[in-house]
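Novice: This is the structure I want to talk about, given as structure tokens.
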Amino acid sequence: MKFYITTPIYYPNDIPHIGHAYTTIAADVLSRWNKSRGNNVFFLTGTDDHGKKIAQTAKKAGKTPKEFTDELIPKFKEAWKKLNIKYDRFIRTTDKDHEKVVSKILQLVYDKGDIYKGTYEGFYCTGCEAYYTEKDIENNRCPIHKTEVEKLKQESYFFKLSKYKKKLLDLYNKNPEFILPDSKRKEIISRVKKELRDLSISRTDFDWGIPLPFDKKHVCYVWFDALFNYYSATRTKGKEKFWPADVHLIGKDILWFHTVYWPAFLISAGIELPKTVFAHGWWTFDKEKISKSRGKVLNVDDLIEIAGVDSARYFLIRETPLGDDGDFSEKSLVNRNNNELANDLGNLLSRTLTLIEKNFNSEIPKSKSELTFDIGKIDKLMKNYELDKALAEIWKFVNKCNKYINDKKPWEVKDKEKLAKILYTLTDSLRIISILLHPFIPETSEKINKQLNIKLGTLKDCKPNLLKKTKIKKGEHLFKKI
């Protein structure tokens, strides 16, 4: 089976922070899990290079938008490399194949009669590249960024969004999995039922974007351009089979664009719709949204510096359900590193291998495992995007192994056959744990396998008694206590 997962394409107006990292790590976990299931996976991430926000930020820096974004893109790629994220393509909206697809679809939708010329008058927030009505704003400020919005009046081309109100409502009702979590689906249905106005999709006050093919004086609205990255990435040879996307993983602040504009654009263009848009929560500091302009930010290097890459990955996934908000705490990250990772997992491996070194000349004895494991529950949780619960279930097995070693007290067992069974049970269980943990903390998983002197298995290998007799290579403790 194929599995196509995307992150949003991020604005490259600054270096990536914890919010970017969370979405991309969660997507990487789902991508790796599906690969381990044997699925053919395509994992897409990238940057949204166009739009007024980028043009203004570049101007302040004394650079052209292209120069500015070209300098920042490597920062995103470096961050994902540091966090051990394995994407299949990094797309930019300035990529020629993407621009070509967007231009072609603009012409197609225009020819269909779904784009017309008019005048836009209203409020606009450059920070989130979004249009707002008077009732949306408070004290002339954007509801997301809390910054002042600008009032615009200019010639514009409009997309007939109102025409698709009934089709959108039918989509939500007939395909409840299209918007997840369920609370977000209800929120969107309520908003669409109230009002769905036609959407301004072009601008003339700047030129950093894709020109409309039917009127070169206008550039395409950044969201019409950006959303099609998910589709344009599958128009290259060999990638066509991946469309439609299985899941677009996004932050809740861009839910409206992805669940209203996006399906309407696709329906208009006659393109098959993605299966799911999953909106995760925000990471906050002191219950406030992460924002550089408001002094609430933690970049990727700072995050990694606290306790390392795998501790950061583990914390972000374990700390909060994917659909909920999470409040970042360095103390909580350190506690999870010290207690769950260093004590529960690290000590389990260290104690087991020390006993094998001492009693069996570093060779894993051949026996039969006394512990069983059912992967079905975890696989179901992963399919439902309940990543924190899946990780908690894996940890139940880690703790089951710790209880087993404490109950059996192998350091007191004199009978070699009984001791062999205990230590085989533990090493075989650690082999299974390494498979289960690989999508979440891949570097740790690889360290476990290296010390067990085995190769990483896949989910089909998560059954007992597959560990062969081998010579262990005990190494450093998996996690250092902070």
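The values are calculated or read from the model by the stated rules, or taken from the named source; none is laboratory data. Values in this document were obtained by computation on a predicted structure and should not be read as measured data. Note that we place each Cβ from the backbone using ideal geometry, even for glycine, and neighbour counts take in every protein chain shown.
Novice: If you check K418, K450, K468, which single one turns out to be charged (D, E, K, R) and either in contact with a Ser or Thr (Cβ under 9 Å, 6 or more places away or on another chain) or part of a loop (DSSP other than H, G, I, E, B) (or both)?
Specialist: K468
Novice: Given the conditions (1) within 30 Å of K117 (Cα to Cα); (2) touching a residue at least 12 places away in the same chain (Cβ under 8 Å); (3) over 18 Å from the mean Cα position of the chain (by Cα), which single one is not true for K241?
Specialist: (1)
Novice: Considering every residue within the stretch 207-216, establish whether at least one is surrounded by 20 or more Cβ atoms within 10 Å (Cβ to Cβ), in a loop (DSSP other than H, G, I, E, B) and of a type in the set (G, A, S).
Specialist: yes
Novice: Which numbered condition trips up P439, out of (1) touching a Pro at 6+ places or on another chain (Cβ under 8 Å); (2) not in a helix (DSSP H, G or I)?
Specialist: Status for P439: all satisfied but (1).
Novice: To continue, here is another question. Would you check if I356 is at pLDDT 95 or above and within 28 Å of A307 (Cα to Cα)?
Specialist: For I356, the condition - at pLDDT 95 or above and within 28 Å of A307 (Cα to Cα) - is not met.
Novice: Against the conditions (1) under 23 Å from I482 (Cβ atoms); (2) at pLDDT below 95, where does W282 fall short? Just the number, please.
Specialist: (1)
Novice: Sticking with this structure for a sec: Please indicate, with yes or no, whether at least one residue in the stretch 322-329 is surrounded by 18 or more Cβ atoms within 10 Å (Cβ to Cβ), closer than 30 Å to P16 by Cβ, touching a helix residue (DSSP H, G or I) at 6+ places or on another chain (Cβ under 7 Å) and at pLDDT 95 or above.
Specialist: Taking every residue of the stretch 322-329 in turn, at least one turns out to be surrounded by 18 or more Cβ atoms within 10 Å (Cβ to Cβ), closer than 30 Å to P16 by Cβ, touching a helix residue (DSSP H, G or I) at 6+ places or on another chain (Cβ under 7 Å) and at pLDDT 95 or above.
Novice: Among the candidates D407, D428, D415, single out the residue that is acidic (D, E) and touching a residue at least 12 places away in the same chain (Cβ under 8 Å).
Specialist: After ruling out the rest, the residue left standing is D428.
Novice: Which residue out of Y404, Y424 is at pLDDT 95 or above, buried (at least 23 other Cβ atoms within 10 Å of the Cβ) and farther than 17 Å from L391 by Cα?
Specialist: Step by step, each of Y404, Y424 is checked, and only Y424 is at pLDDT 95 or above, buried (at least 23 other Cβ atoms within 10 Å of the Cβ) and farther than 17 Å from L391 by Cα.
Novice: Still on this model: Here is a list of conditions, (1) of a type outside the set (G, A, S); (2) under 30 Å from T204 (Cβ atoms); (3) at pLDDT 95 or above, and F42 meets all of them except one; can you say which number that is?
Specialist: (2)
Novice: Further question on the same structure: Could you tell me whether any residue of the stretch 228-236 is of a type outside the set (S, T, Y), within 17 Å of G51 (Cα to Cα), modelled with pLDDT of 95 or more and touching a His at 6+ places or on another chain (Cβ under 8 Å)?
Specialist: So far as the stretch 228-236 goes, yes, one or more of its residues are of a type outside the set (S, T, Y), within 17 Å of G51 (Cα to Cα), modelled with pLDDT of 95 or more and touching a His at 6+ places or on another chain (Cβ under 8 Å).
Novice: Please find, among E121, E134, the residue that is in a strand (DSSP E or B), of a type outside the set (S, T, Y) and modelled with pLDDT under 95.
Specialist: The conditions single out E121.
Novice: Kindly indicate which of N406, N402 is within 36 Å of the chain's Cα centre (by Cα), closer than 26 Å to N453 by Cβ and not in a loop (DSSP other than H, G, I, E, B).
Specialist: None of the others qualify; the one that does is N402.
Novice: Could you please find all residues in the stretch 53-76 being touching a helix residue (DSSP H, G or I) at 6+ places or on another chain (Cβ under 8 Å) and assigned to a loop (DSSP other than H, G, I, E, B)?
Specialist: A61, K63, T64
Novice: Look at A226 and say whether it is in a helix (DSSP H, G or I), small (G, A, S) and within 30 Å of N384 (Cα to Cα).
Specialist: The answer is yes for A226.
Novice: Moving on to the next point. Return the residues of the stretch 344-353 that are touching a Phe, Trp or Tyr at 6+ places or on another chain (Cβ under 9 Å) and either at pLDDT below 95 or not small (G, A, S) (or both); say none if nothing qualifies.
Specialist: If the condition is that a residue be touching a Phe, Trp or Tyr at 6+ places or on another chain (Cβ under 9 Å) and either at pLDDT below 95 or not small (G, A, S) (or both), then D344, L345, R351 are the ones that fit.
Novice: Okay, moving on. Taking L266, is it without any contact (Cβ under 8 Å) to a residue 60 or more places away in the chain and either outside any loop (DSSP other than H, G, I, E, B) or touching a helix residue (DSSP H, G or I) at 6+ places or on another chain (Cβ under 8 Å) (or both)?
Specialist: Considered against the rule, which asks whether it is without any contact (Cβ under 8 Å) to a residue 60 or more places away in the chain and either outside any loop (DSSP other than H, G, I, E, B) or touching a helix residue (DSSP H, G or I) at 6+ places or on another chain (Cβ under 8 Å) (or both), L266 comes out as yes.
Novice: I'm told Y231 meets every condition in (1) without any contact (Cβ under 8 Å) to a residue 60 or more places away in the chain; (2) in a helix (DSSP H, G or I) except one. Can you identify the failing condition by its number?
Specialist: (1)
Novice: Sticking with this one: Check whether at least one residue in the stretch 27-49 is in contact (Cβ under 8 Å) with a residue 40 or more places away in the chain, at positive phi and buried (at least 23 other Cβ atoms within 10 Å of the Cβ), and report yes or no.
Specialist: Scanning the stretch 27-49, I find at least one residue that is in contact (Cβ under 8 Å) with a residue 40 or more places away in the chain, at positive phi and buried (at least 23 other Cβ atoms within 10 Å of the Cβ), so the answer is yes.
Novice: Right, something else. Restricting attention to the stretch 256-270, and to residues there that are among the hydrophobic types (A, V, I, L, M, F, W, C) and more than 18 Å from K174 (Cα to Cα), which single residue is surrounded by the most Cβ atoms within 10 Å (Cβ to Cβ)?
Specialist: F265
Novice: Still on this structure, please answer the following. Of everything in the stretch 451-467, what is free of Cβ contacts under 8 Å to residues at least 24 places away in the same chain and of a type in the set (K, R)? Give them in sequence order.
Specialist: K455
Novice: Can you pull out the residues in the stretch 50-70 that are exposed (fewer than 14 other Cβ atoms within 10 Å of the Cβ) and closer than 30 Å to G238 by Cα?
Specialist: Correct list: K66 only.
Novice: Condition test on K377, is it without any contact (Cβ under 8 Å) to a residue 12 or more places away in the chain, surrounded by fewer than 16 Cβ atoms within 10 Å (Cβ to Cβ) and either farther than 17 Å from K416 by Cβ or small (G, A, S) (or both)?
Specialist: So K377 does not fit the description; no.
Novice: Next question, about the same structure. Is there a residue being in contact with a Gly (Cβ under 9 Å, 6 or more places away or on another chain) and assigned to a helix (DSSP H, G or I) anywhere in the stretch 77-96?
Specialist: no
Novice: For a quick check of your reading of the model, give me the residue pairs whose first member lies in the stretch 97-109 and is touching a residue at least 60 places away in the same chain (Cβ under 8 Å) and buried (at least 17 other Cβ atoms within 10 Å of the Cβ), whose second is among the hydroxyl-bearing types (S, T, Y) and assigned to a helix (DSSP H, G or I), with beta-carbon atoms closer than 6 Å and at least 6 apart or on different chains.
Specialist: H98/S232; V101/S232; V109/S268
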